[in-house]
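Down below is the structure, laid out as structure tokens.
The values are calculated or read from the model by the stated rules, or taken from the named source; none is laboratory data. Note that the structure is a prediction, hence the values are computed from the model and not measured. No Cβ is skipped: glycine too gets one built from the backbone with ideal geometry, and neighbour counts run over all protein chains shown. Side chains included, ligands, DNA and RNA excluded: accessible areas come from the protein's heavy atoms. Shrake-Rupley method; radii C 1.70, N 1.55, O 1.52, S 1.80 Å.
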Amino acid sequence: MRKNAFYAQSGGVTAVINASAAAVIEACRQHPDLIGTLYAGRNGILGALREELIDTSLESDEAIAALKHTPGGAFGSCRHKLKDIDSHIAEYERIIEVFRAHDIGYFFYNGGGDSSDTTLKMSQVAEKMGYPLVCVGIPKTVDNDLPLTDCSPGFGSVAKYIATSVMEATLDIKSMCNSSTKIFVMEVMGRHAGWIAAAAGLAQAEGSTLPDGAVGHAPQVILFPEVAFDEPAFLAKVQASVERDGFCTVVVSEGVQNADGEFLANSGLKDVFGHSQLGGVAPLIANLIKDRLGYRYHWAVADYLQRSARHIVSATDLEHAVAVGQHAVELALEGRNASMSIIVRESDMPYRWHVGEAPLSEIANVEKFMPANFISEDGFGITAEARQYLKPLIVGEAPPPFEDGLPAYVTLRNELVAKKLPDTFDI
């Protein structure tokens, strides 16, 4: 039977999440006999709870295609996690009520681990309530910590941005280190998994191997969440790097922990998902170096810049984002409920991959960490195995069109459909 569909974006956005959105919309438009109107939730799942549904059929094919080169979240994202079903059933009942009112039979949720949990719960509630709904997850996270999928769309572009930024900043500090700053510290995202920090290692030149097993020189130090911070070993590494190279570039993941498992940069605050609010580890590390070794420093936090840098997106990452969006629609039309479209790697050299399927029950709330064999023996760098995994993900350039020297990004109309239910639900 012909049913309408609902698509929404969740969590921190990426440079390519809109490419997945475009792929979903275009794929739905190719099946008018099976899928009627595709509604997008304004601000993620909140759009379903508030009955704020954007009619994507009002957008031109050209505007939808332009999403593939536009960063951010075209329909608005959110950090709202649906809680326990039994004790918070009202939220789920509200969403089903909205879906029933708008004849929605397909649910696509584009996000990471918490979003996978939401998608799984929606499939369970719909089944429990006897409402026909096919729920399919679409992977997205710059942290690259979703299990089962080889990589997460969004990560490859962040990896490319970080590796490039570290390479360029290192050339800068190398030029000035003789009489000025000797330390540069860059903080990158990564609460529990060090994938983004590891990507900085791609900036190291391939070639001669240093005595400690690291390849190339900079960044000389990478601090991973998976490796407990060892202050004496860290300071010794920094000092040795300065004495050898004249400078030291340090890349630190925001989630670096001490030997007791405590975040070095824990502010004591929590986000809406209950996660510790992090940030500020770069100045902490930089000041530690200054206090103990006396070196002048600069530090930077990549923050939103790393996940919004559409101008330096990875072509491979863009292809992944489009492919999982298209495949999600195929899965839905096949009735593959509570599933996610994933990337499956076939080989490294040459790099080959295809899209596959995985159950949300094995993805939701499960984190994928850096394998031990991806981290160098001293804990401060990446191995050849890590480089072999990471390199294909940053390959290829797919710049946006430019006008008058600036990227030409699209802004959609995002017109809401008329509400059919009383506006009485309180979030």
Residue separation times 0.36 nm, minus the C-alpha to C-alpha distance between Arg244 and Glu262: what's the value?
3.3 nm
Roll a 1.4 Å probe over the protein chains and send me the accessible area per residue for the stretch 321-427 in Å².
56 Å²
Suppose R0 equals 60 Å; then what is the FRET efficiency for Ser179 and Asp423 from their Cβ-Cβ distance, rounded to the nearest 0.05?
0.40
Quick one: Karplus J couplings for the stretch 85-101, per residue in order, coefficients 6.51, -1.76, 1.60, θ = phi - 60°, nearest Hz, x for Gly and Pro?
4, 5, 8, 10, 5, 4, 5, 5, 4, 5, 4, 4, 4, 5, 5, 5, 5
The FRET efficiency for Asp61 and Met129, from their Cβ-Cβ distance with R0 = 56 Å and rounded to 0.05, is 0.95
Tally Lys/Arg at +1 and Asp/Glu at -1 over every other residue whose Cβ is under 12 Å from the Cβ of Ser123; what's the total?
+1
Amide H contacts under 5 Å for Ile138, placed H, 5+ residues apart
Tyr109, Asn110, Gly111
Amide H proximity to Glu59 below 5 Å, modelled H, separation 5+ or other chain, gives none
Net charge around Ile375, counting only other residues with Cβ within less than 10 Å of its Cβ (Lys, Arg = +1; Asp, Glu = -1)?
-4
Restricting attention to the stretch 336-399, which GluC sites (Glu not before Pro) occupy a DSSP loop and are surrounded by at most 15 other Cβ atoms within 10 Å?
Glu367, Glu377
Checking the stretch 355-427 for chymotrypsin sites (Phe, Trp or Tyr not before Pro) in a loop per DSSP with at most 16 other beta-carbon atoms within 10 Å yields Phe369, Phe425
In square angstrom, what is the accessible area per residue of the stretch 1-160 with a 1.4 angstrom probe?
29 Å²
Find out how many positive minus negative residues lie around Cys248, taking Lys and Arg as positive, Asp and Glu as negative, among other residues whose Cβ is under 12 Å from that of Cys248.
+3
Let me have the 222 nm mean residue ellipticity of the chain computed from DSSP H runs of 4+ only, each contributing -39500 (n - 2.57), with the sum over all residues rounded to the nearest 500.
-10000 deg cm²/dmol
Report which label in (i) 21.8; (ii) 28.6; (iii) 19.9 holds the value of mean projected area of the Cα convex hull in nm² derived from the coordinates of this structure.
(i)
Considering only DSSP beta bridges with both partners in the chain, what is the antiparallel share in %, to the nearest 5?
35 percent
Working with all protein chains in place, sort Ile196, Ile375 by solvent-accessible area computed with a 1.4 Å probe, largest first.
Ile375, Ile196
Within the chain, what whole-number % of the accessible surface is contributed by carbon and sulfur, with the 1.4 Å probe and all protein chains included in the calculation?
51 percent
Using only the heavy atoms of the protein chains and a 1.4 Å probe, how would His69, His298, His320 rank by accessible area, largest first?
His298, His69, His320
Among Met1, Met340, what's the order by accessible area (1.4 angstrom probe), most exposed first?
Met1, Met340
Determine how large the accessible area of Val410 is when every protein chain is in place; take a 1.4 Å probe and give Å² rounded to the nearest 10.
40 Å²
Below 8 Å, C-alpha to C-alpha, sequence gap of six or more: please give me the relative contact order for the chain in percent.
23 percent
Where is the GNM fluctuation largest for the chain (alpha-carbon springs, 10 angstrom cutoff): Ala21, Ala233, Ala200?
Ala233
Residue-wise, which Karplus ³J(HN,Hα) couplings in Hz belong to the stretch 131-145, taking 6.51 cos²θ - 1.76 cosθ + 1.60, θ = phi - 60°, and x for glycine or proline?
9, x, 8, 9, 10, 10, x, 10, x, 7, 5, 5, 6, 6, 9
For the stretch 224-269, what is the accessible area per residue in Å² when the probe is 1.4 Å?
42 Å²
I'd like the accessible area for Trp353: 1.4 Å probe, protein heavy atoms, all chains in place, Å² to the nearest 10.
70 Å²
How much accessible surface area, in Å² rounded to 10, belongs to the heavy atoms of Asp103 with a 1.4 Å probe?
60 Å²
Under-5 Å amide H pairs with Gly36, H placed in peptide plane, nonlocal only:
Lys3, Asn4, Ala5
With θ set to phi - 60° and the Karplus curve 6.51 cos²θ - 1.76 cosθ + 1.60, what are the ³J(HN,Hα) couplings of the stretch 236-252 in order, to the nearest whole Hz, using x for Gly and Pro?
5, 5, 4, 4, 5, 5, 5, 5, 7, 9, x, 7, 8, 9, 10, 10, 10
